[in-house]
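The block underneath contains the structure these notes are about, expressed in structure tokens.
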Amino acid sequence: MTVNPSPFDDADLHAYADGCLPPERVGAFEAALKLDPALAARVAEIRALSAALRAALDPIVTEPIPERLIQAAIGRAHGASRSRWLGSAVAIAATLVLGIGIGWYGRTIDIEHDGTPTSFARQAAFAHALYAADVNRPVEIWAADEKRLVTWLTKRLGLAVHAPDLNNVGYALVGGRLVAGNEKPTALFMYENADKQRLSLQVRRDSDTHGETAFRYAVEKGVGVFYWIDDNCSYAISGVLDRNQLLSIAHVVYGQLAAFDTAPR
Amino acid sequence: MRRSSPDAPPLPHPDLLAAIPRLRRYARVLTGDATRSDDLVQDTLARAWEKRWLWQAGTDLRAWLFTIMHNVYMNQLAVARREGVSISLDSESAHAAWQLPVRANQVDRVELLELVAQMGRLPPDQREVLLLAAVEEMHYSEIAAALDVPMGTVMSRLSRARARLRRLVDEPATPLRIVK
């Protein structure tokens, strides 16, 4: 039994545990906590419950994003209820096309297993490792000259390339360069965050690859690479980053490139 | 570089894309079903594009999307109720339906799945306040704005949600009672 009724009620307890108690009341609450182990235990219990919910639900945010939601985010899809039947019709058509494609091109494409990246992913990782480590000259043309950079790379690749804007995920464009590939030149855009961590996006035109693939992941010499093929182009995003961070950036890049492709010309 | 036409929608693609994972989590908690939750996210994004003029550039896009999702879901619930369709959560199958990719060690995993299954038994209004406060760590005032309710309502729902969840976890309801 407490002699003095606590000036704090249940709502205050939750507000304190959630960091939502008005600042002017926090001091008094913390003083009460010191005197009342039961109150402290309840705060700890609420926080433990929140932590458990986060542990249970956090994995959802690192799941791969379904393609239909990427389309919806860039304003290219209707509501789920309206587009459901249309979506499945398109999916069936795509499966047919893909089936034919795989039947034909599958003969010349190396079979990929987990952990055996294609030469493109390996090259992307090596190019990233080489140029990202170059403090003074990571790029040939700096971001200040973005327009010239994009024009130049577009000309050399014979393909309209764009430097996606990754400022929203904390990476600013440093610039870009041309990288020698096996047979074809590859465009490299370098980005850097506030901690001077760098990542690069590499784009190559592939006349002999068709269709599109899902994101694939490889690690080469500590550099993580997400790579995919879309519309006759191979893309790779590389960096010494956690797999999920890199994947979320790959989604942003993919979404922006898709938006470029559909923007009115 | 190509530029959008002058009458192009003002919603920023990167921000919308970046918001998807959290919208999916919110939807999963609301619907308790992986497929239906992605339908809800898609409907929410479509509505956001329809109502894009209502979003004020510079304000928190994620909070605005949460508000839209809340409204879309409440509408769907009302329609379902009117048509006599039950879309209440079946907590017995919640483990499977939520499709939780829990990456914890095996002991934790069972407990976490149980916790989430019990969370699915809370009324939707308590579930969403709990998600926004405990998981999204939004301030009560932001939650009140997103759900368009007074802050006092947020606080009382949250307190009830936690008390009820605690009871549910402490005494998990066994569907088949053994009668002696």
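Numbers for the structure displayed
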{"quantity": "Within the range A:166-205, considering residues that are within 14 Å of chain B (Cβ to nearest Cβ) and modelled with pLDDT under 90, the one nearest to the chain's Cα centre (by Cα)", "calculated": "A:V169"}
{"quantity": "The listed residue being touching a Phe, Trp or Tyr at 6+ places or on another chain (Cβ under 7 Å) and among the charged types (D, E, K, R), out of A:R205, A:R198", "calculated": "A:R198"}
{"quantity": "Residue, surrounded by the most Cβ atoms within 10 Å (Cβ to Cβ), within the range B:23-39, restricted to residues that are more than 10 Å from the chain's Cα centre (by Cα) and within 12 Å of chain A (Cβ to nearest Cβ)", "calculated": "B:D38"}
{"quantity": "Enumeration of residues in the range B:16-42 that are among the acidic types (D, E) and in contact with a Lys or Arg (Cβ under 9 Å, 6 or more places away or on another chain)", "calculated": "B:D38, B:D39"}
{"quantity": "From A:L199, A:L188, residue being touching a residue at least 60 places away in the same chain (Cβ under 8 Å), closer than 24 Å to B:I20 by Cβ and outside any loop (DSSP other than H, G, I, E, B)", "calculated": "A:L199"}
{"quantity": "Residue that is nearest to the other protein chains (Cβ to nearest Cβ), among those in the range A:154-165 that are closer than 15 Å to A:I141 by Cβ and not hydrophobic (A, V, I, L, M, F, W, C)", "calculated": "A:H162"}
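Yes/no per residue for (1) in contact (Cβ under 8 Å) with a residue 24 or more places away in the chain; (2) on the phi > 0 side of the Ramachandran plot; (3) surrounded by fewer than 22 Cβ atoms within 10 Å (Cβ to Cβ):
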site	(1), (2), (3)
B:M138	yes, no, no
B:S141	no, no, yes
B:A144	no, no, yes
B:L147	yes, no, yes
B:P150	no, no, yes
B:M155	no, no, no
B:L158	yes, no, no
B:A161	yes, no, no
B:V169	yes, no, yes
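The values are calculated or read from the model by the stated rules, or taken from the named source; none is laboratory data. Every value quoted in this text rests on a predicted model; they were computed, and no experiment measured them. Cβ atoms come from the backbone with ideal geometry, glycine included; neighbour counts cover every protein chain shown.
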